[in-house]
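First the structure, in the form of structure tokens, and then the observations on it.
The numbers here are math on the coordinates, done by the rules we state, and not lab data. Just so it is clear, the model here is predicted, and its values are computed rather than measured. When we count neighbours, we look across all protein chains shown, and the Cβ atoms used for this are built from the backbone with ideal geometry, even at glycine.
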Amino acid sequence: MADKIDIAIIGAGVIGLAVAAEIGRDDKDIFILEKNSSFGEETSSRNSEVIHAGIYYPKDTLKAVTCVEGNKLLYEICEKNNIFCQKIGKLIIATCNSEIEKLEELLQYGKENEAFGLSIISEKEIRKIEPKIKAKAALYSPSTGIIDTHELMKYFLQKAGSKGVEILYETEVVGIKKVSLGYEVRIIESGEETTFISERVINCAGLNSDLVAQMLGIDIENCGYTLKYCKGTYFQVYKPHSIKHLIYPVPSKISLGIHVVLDKTSRIRLGPDAEYIEKKINYDVDLSKKTLFYDSVKKFLPFIGEDDLSPDMAGIRPKLQGPKEDFRDFIIRDEKDKGYSGFINLIGIESPGLTASPAIAKYVQKLIE
Ligand SMILES: Cc1cc2nc3c(=O)[nH]c(=O)nc-3n(C[C@H](O)[C@H](O)[C@H](O)COP(=O)(O)OP(=O)(O)OC[C@H]3O[C@@H](n4cnc5c(N)ncnc54)[C@H](O)[C@@H]3O)c2cc1C
């Protein structure tokens, strides 16, 4: 790498890769710096792989806007580039009358966000499309689907490469300093520490994105940038089944609730739950949660027994919202008002980050224009 480059993108998860694919230009020196030995080894490969419709988020927030736009863009990208995705639709189900009121609320949120084709369907209609599910009513979202995230990331990486973006693996950013020509970035590359200058920096460091902002000197505590880790565990179900849609309970304040996730092999996974943990990566699956998972789904999946569940995997949400706190939006901004022009932070990119990825990339492109 030259001593001076145009743009450094920190992190090769789905967000860093989508950004690279969008902003790449042959006449610019753009590098992605990734501490692991391959792309997408963290949150981007530990999620539900659901293309969300944009139902849950307050109107005009970045989460709402980029989710709805990302939903459309992802289906287009997948169709054009032969990436696996399926618009299988989703049911958010109510199992008692008080939950039906919650469905009406969600329908309003979704409509305000212009999420496509939402409707509330009756018990009878649910029985027609999902005979094995027990529910009193459901919010039906036809534009929710599933995607192969790895194929998507591979596509973004190839597109970025075709525009001249280079990726450096085993390259960890350990320091950043504002200098007259941009930012001095200190990296450890295969054990060796070096520095280079980048005119601009885009921080897509996922679970570390608050710490990367702190390296620059931003007071993350005062700015509300400090991330909390919220773990989500999955169990899989070994049982033949006829479920065709994603089945969700009504959401809680911090998560969408333990739901039925289907992948391209039609395997059922249950999850993720939401558990705030200390700020350390720990993907172990706590086997003692099996009964809790079973108890959460047995009222709407009566054909499943506790013995059908076995541990699957876990992911960690990089959350700005702490336990019992109110909604927090994605942070995506050029930090010029803090004296760091050309330094773009993306912090708190939890769900629906995967869905929103191509729209977030377009948003970042506008910030650097
Ligand atoms: C349990 C769970 C379920 C989810 N389900 C969905 C879903 O169904 N649909 C949806 O739309 N979204 C979902 N999400 C959210 C989605 O997975 C994330 O929004 C998205 O993957 C975030 O991507 P990212 O690139 O920001 O982060 P990451 O994938 O974590 O990538 C960040 C990268 O930065 C690198 N990095 C960090 N620090 C440094 C450093 N100092 N130097 C160099 N590299 C560094 C890391 O190694 C990593 O590769 C879910 C998330 C979780 C946890």
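Taking the C-alpha atoms only, the angle from helix 149-162 to the longest principal axis of the chain is near 30 degrees. Just to verify a number: FRET efficiency for GLU105 and LYS132, C-beta to C-beta distance, R0 = 30 Å, to 0.05? Given R0 = 30 Å and the Cβ-Cβ separation, E is 0.65. Taking every alpha-carbon pair under 8 Å whose residues sit at least 6 apart, the chain reaches a relative contact order of 24 percent. Considering only alpha-carbon pairs that sit under 8 angstrom and 6 or more positions apart, the relative contact order computed for segment 105-215 is 14 percent. As a proxy for reagent exposure, ranking VAL250, VAL14, VAL364 by other Cβ atoms within 10 Å from fewest up yields VAL250, VAL364, VAL14.
Cross-link partners for LYS336 among the lysines, with Cα-Cα distance under 28 Å and sequence neighbours closer than 8 places in the same chain left out: LYS4, LYS28, LYS35, LYS59, LYS63, LYS163, LYS177, LYS178, LYS228, LYS319, LYS362, LYS366.
For the chain, the 222 nm mean residue ellipticity estimated from helices alone, with every DSSP H stretch of n ≥ 4 adding -39500 (n - 2.57) and the total spread over all residues, rounds to -8500 deg cm²/dmol.
Working note: Debye formula, equal point scatterers on the alpha-carbon atoms of the chain, no solvent; log10 I(q)/I(0) at q = 0.14, 0.15 Å⁻¹ is -1.17, -1.31. Between GLU278 and GLU170, the FRET efficiency estimated from the beta carbon spacing at R0 = 41 angstrom works out to 0.95. Take the Cβ atoms of SER242 and SER119, set R0 to 25 Å, and the FRET efficiency comes out at 0.65. In plain terms, the residue of ILE5, ILE126 with the fewest other Cβ atoms within 10 Å comes first and the most crowded comes last, giving ILE5, ILE126. Summing Cβ point charges (Lys, Arg +1; Asp, Glu -1) relative to the Cα centre of the chain gives a dipole of roughly 1260 debye.
For the chain, the longest principal axis of the alpha carbon atoms and the long axis of helix 353-368 meet at an angle near 30°.
Between segment 1-58 and segment 208-286, the C-alpha centres lie 19 angstrom from each other. By the Cβ-Cβ criterion of under 4.7 Å, the unpaired cysteines of the chain are CYS67, CYS96, CYS204, CYS223, CYS230.
If you sort the three axes of the alpha carbon gyration tensor as a ≥ b ≥ c, you get a/c of 1.5 or more for segment 5-67 and a/b no higher than b/c, which makes it oblate. Here the contact order of segment 295-369, divided by its residue count and restricted to Cα pairs under 8 Å and six or more residues apart, works out to 23 percent. With the cut-off at under 18 Å, measuring from each backbone N in segment 206-242 to a point 7 Å along the Cα-to-Cβ line of PHE303 picks out 236-242.
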